[in-house]
Amino acid sequence: QHPVSWKVSPDGSKLLGHMVLHKTFEDPRDPSGKKTLGLKVTGGRMTEHGYVGAFVTKVKKGSVADTVANLTAGDEVVMWNGKCLRNLSFDDVYDVIFASQNDFKVELAVER
């Protein structure tokens, strides 16, 4: 199971997502290969609200990020495994995500 919940923010301005996603094999025919969520997140991007954020830039069709979490390009990833990604540099966001590369599951907080 992949627990995913989306709710409207208290002020009604955005959707807030919380999810625990289980990685799947990038190539299902190669079970010894890389496990992935099927998304690309890029940090260090200035927002119109004056802070730096980390955003989904690509979602692989048919991946866990697509079919289970319903993530789309432009969603802001606020937390990755309990670590806040706001106001982190590109490299710091990369390091947080890279540190979870061998984890079977990843917990995300997302804003849309």
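We did not get these values from a lab; they are worked out from the coordinates using the rules stated. Computed from a predicted model, the values in this text were never measured in an experiment. Positions of Cβ are backbone-derived with ideal geometry, glycine not excepted, and every protein chain shown enters the neighbour counts.
Some notes on this structure:
- Here residue 25 fulfils each of the conditions (1) farther than 23 Å from residue 15 by Cβ; (2) of a type in the set (A, V, I, L, M, F, W, C); (3) within 15 Å of the chain's Cα centre (by Cα) apart from (3).
- Pairs meeting the criteria (first residue in region 66-86 and closer than 20 Å to residue 26 by Cβ, second residue surrounded by fewer than 16 Cβ atoms within 10 Å (Cβ to Cβ) and β-branched (Val, Ile, Thr), beta carbons under 7 Å, at least 6 apart or on different chains) are 73/57.
- Condition met for residue 52 (over 12 Å from the mean Cα position of the chain (by Cα) and β-branched (Val, Ile, Thr)): yes
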